[in-house]
């Protein structure tokens, strides 16, 4: 004989509150309804103890929602995106939503395929890490009034909700740090992408040089293609080494560029920071494990993911909600790879 299915009414009876109050908490609306923190915790504990499982079909019929979110990320192999996906998934689950994740490998056509599949699955909205040339997709979602928020990357020419790092300031801070450490010949390896976040990282680096009265030499900027990345980074470093006035410090605009660059620097038997001081965007355990721990710009991963979910759910619940556009600060984590230059 099957055990009786636990209902919200059962939880309300044990908690000594109304069924409506239980519904607000279970559906993640306690803040909106100003439910006290203690009673919300109590209700969740009782629901867990009684093994309460919401009836998703009934819930969807009542609300017209599927309580699912589509998360389209650029590259699941990148630890930054893998970790931010986990943050989004955990925060959405806490609010009563399931996340369906897809990785587009930095390809706009693959991103569009994922978005169409997820629309057919009737997700309530999207969190999107946009790829190059995907503006048309974003316009389509906007025209169809499908709730979405852009995460980490956005398009200045499109007025949309977004949550991102202040890439200009982060890059400026990384370059200025190297200048303060005594380096005035600083190279940057970046992607050759027509994307705002990459343009901002390049501009931040160039502005830091110029404001410190250091000429931002064209040859010190190497822009590489995403395809054939390993060889492209090797070519960039070889180019630096052939220069008469070669860089003595390198900035990498992404974690992936840094990993490929450090691997090749090891192959060449060059030493960090003696031959090249290093600063990288992004965070990863490998930076701590490298023989010379790498200085990096720590992006506020947890805050970015949580805020993106918050913005999207507000948009799902009220499509007329004003645009939310958030830039968050990265923090420079100084380690041995950028220690003071020996004169």
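Quick notes on this one:
- Spans of helices (runs of 4 or more DSSP H) in segment 129-223 with at least 1 residues touching a residue at least 40 places away in the same chain (Cβ under 8 Å): 167-180, 196-211
- Flag if residue 105 is at pLDDT below 95 and either assigned to a helix (DSSP H, G or I) or more than 30 Å from residue 342 (Cα to Cα) (or both): yes
- Here residue 316 fulfils each of the conditions (1) surrounded by 15 or more Cβ atoms within 10 Å (Cβ to Cβ); (2) in contact with a helix residue (DSSP H, G or I) (Cβ under 8 Å, 6 or more places away or on another chain); (3) not assigned by TED's automatic domain parsing to the domain that holds residue 197 apart from (2).
- Any hit, segment 140-147, residues being farther than 29 Å from residue 298 by Cβ, at pLDDT 95 or above and buried (at least 21 other Cβ atoms within 10 Å of the Cβ): yes
- Verdict on residue 241 being within 25 Å of residue 289 (Cβ to Cβ) and modelled with pLDDT of 95 or more: no
The values are calculated or read from the model by the stated rules, or taken from the named source; none is laboratory data. All values reported here derive from a predicted model rather than from experimental measurement. Methodologically, a virtual Cβ is constructed for each residue, glycine included, from the backbone with ideal geometry; neighbour enumeration extends over all protein chains shown.
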